[in-house]
Amino acid sequence: MERYLRQRLSFAFVTFLFILVLQCMHVEPIRIINIKRHVHVWNDVSSTVKLNLHCKSGDDDLGQQVLAYQQEFTWSFRGNIFARTLFWCAMNWANSTGHVFQQSFVVYESKVTPCGKNCVWSARMDGVYFLDSFTGAYVLKYNWQ
C-alpha cells in the first residue's frame, strides 16, 4: 500500500512539474489551466484616418467598430478545451485621395498565436503589426491590399 501511494505521489509531482515548465515556456496548448486572453487592436495609421474594424469568431460577432487615431478595440475570452479558438478581423481605411486599404487576418488562433495573455495588434500606414511578447518589438505581419 505504501509503495502504491509513493508511486501516485511521484506521478502527481512529475505532472505538476511538466505543466509548470510548459507554462514558463509560454507553450500554448495547456488546456488544464484555462487562461483568460485579451486581444487589443490599435489604430496607429494616422491622425486623419478612421479605421473600420470588424472582428468575429465562429461563436461571436463583435460587431463593426470605427476607431479614431490611437484608439483601441479590445475584448477578452477563454479558449475552449480542445484548442480550437479562432478570432479574425477585417480592417479598412481610406487615405486623403479616397484609396481604400484593407486586410483580413487571424488575430488569435489557439495552436499558433504566441501572445500569452495579451495579443496586441497595431494598424499602421504600411500594414498590420503584431507585438511579439518575447522580444517586446512590433513585427509587420500583414501588408495592406
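Couple of notes before you dig in:
- Met125, Met91 arranged by Cβ crowding within 10 Å, fewest neighbours leading: Met125, Met91
- For Glu2 and Lys117, the difference between the fully extended length at 0.36 nm per residue and the C-alpha to C-alpha distance is 37.3 nm.
- Fewest-first sequence of Phe73, Phe134 by Cβ atoms within 10 Å of each Cβ: Phe134, Phe73
- Partner aspartates and glutamates for Lys117 [C-alpha distance under 18 Å; skip if fewer than 8 residues away on the same chain]: Glu28, Glu72, Glu109, Asp132
- Stretchable slack from Val100 to Val66, in nm (0.36 nm times residue separation minus alpha-carbon distance): 10.8 nm
- Amide H contacts of Thr85 (H built 1.01 Å from N, in plane; Pro and chain starts excluded): Asn80, Ser110 sit under 5 Å, all sequence-distant by 5 or more or on other chains.
- Percent of C-alpha pairs per 5 Å bin in the stretch 49-98, short distances first: 5, 16, 26, 20, 13, 10, 6, 3, 1, 0.
- Among Asp59, Asp44, Asp132, sorting on how many other beta-carbon atoms sit within 10 Å of each Cβ, with the fewest leading, yields Asp59, Asp132, Asp44.
Readers should treat all values here as calculations from the given coordinates under stated rules, not as data from a laboratory. Because the structure is predicted, anything quoted here is derived from the model rather than measured. With ideal geometry, Cβ positions are generated from the backbone for all residues, glycine too; neighbour counts draw on all protein chains shown.
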